[in-house]
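Inspection log for the structure reproduced underneath, given as structure tokens.
Derivation of every value follows stated rules applied to the coordinates shown; laboratory data play no part. Because the structure is predicted, anything quoted here is derived from the model rather than measured. Here the Cβ is made from the backbone with ideal geometry for all residues, glycine too, and neighbour counts use every protein chain on show.
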Amino acid sequence: MLALWLLLACVSKGKYEALEMDLDGTRAELVARTASGDQEAADLRAALKTEQAQVVALEAQVEELKATLAAEEKRAQGLVDEKTALLSDKARLKGSMEEMKTALSELEARKLAAEKRVSEYKDLLSRFKSLIDAGKLQVKIVDGRMVVALATDVLFASGSAALSPEGKAAIQDVTRVLVTIPGKAYQVEGHTDNVPIATAAYPSNWELASARAITVVRAMVEAGLPPGRASAASYGEYKPVKANTATEGKAANRRIEIVVVPDLSGLPGFEELNRAGG
């Protein structure tokens, strides 16, 4: 019996020790697994942290790239605006150059026209030199027009529109010169002083100056000037060259002016003006 008990005790003890060893092994395995799990968790946390840092870095790079892209887009737009401005400036410059060329062309045309008029004036002075030296007339520029001026006291008696013999001879002398100038037309203008006149024939100085201008035109035509190259006008007392306060001034204002009608066809813009007038 004792032997049986001892046998059973030995068996139980063996099982116990075996169980205890198995338990210790399980515990060791569990500890090992726990330690391994903790390490894996730590590794995972470290990896996650690294990935989070990489994400932050990538996000920073993305923002930097966005800023760079915005700057490049702004620079590109600036280049586009600059090119547009340059093209606009180029177009304006081209337009300005064309305008300048036109202006220079017109200026040259005006210069040539002015030189031509100066030449014509000098030629007129030369043609009338003997009559100017004799004191029978004056050649001058009035309001940009060439004018041959004769005192009416030589041509007409006071209050009359009939040419005196001396006056008729003077008009013939003038006409002989004028007909030698080709292509020119003339307007004869009558002027008086401010002394009023009121007769049946001449109710005012308008009529007296007009009658005198027409008489001179007739005498010029009789002396050989083609009728289509002459016309008459009256200014009466309203275009004095001197004050009517003294005898000398009144005498200067009593005059016949033969105006060389300007030829506008040579002036810049004449063709455009012609077209505009239809």
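Brief remarks on what is shown
- Placing unit charges on the Cβ atoms only, positive for Lys and Arg and negative for Asp and Glu, gives the chain a dipole magnitude near 2520 debye about its Cα centre.
- Counted charge near residue 189, where neighbours are those whose Cβ lies closer than 12 Å (Asp, Glu -1; Lys, Arg +1): +2
- Among 108-119, 198-209, 148-159, the order from most to least packed when residues are scored by Cβ within 10 Å on average: 148-159, 198-209, 108-119
- Label-point gap, in nm, between residue 200 and residue 223 - each point 7 angstrom along Cα→Cβ: 3.2 nm
- Among 224, 78, 14, residue whose mean-square fluctuation peaks in a GNM of the chain (springs only between Cα atoms under 10 Å): 14
- Under the Karplus curve 6.51 cos²θ - 1.76 cosθ + 1.60, θ = phi - 60°, whole-Hz ³J(HN,Hα) for segment 134-149, x wherever Gly or Pro sits: 7, x, 7, 7, 10, 10, 8, 9, 10, 6, x, 10, 7, 10, 9, 10
- Projected label distance in nm at residue 35 and residue 140, using a 7 Å step from Cα toward the beta-carbon: 13.4 nm
- From its DSSP helices (H runs of at least four residues, each -39,500 (n - 2.57)), the chain gives a residue-normalised ellipticity at 222 nm of -23000 deg cm²/dmol.
- Using alpha-carbon coordinates, inclination of helix 165-178 to the longest axis of the chain, degrees: 40 degrees
- Near the amide H of residue 185, within less than 5 Å, lie the amide hydrogens of 261, all on another chain or at least 5 residues away, with H placed in the peptide plane.
- To the nearest ten degrees, helix 2-127 and the longest principal axis of the Cα atoms of the chain are 10 degrees apart.
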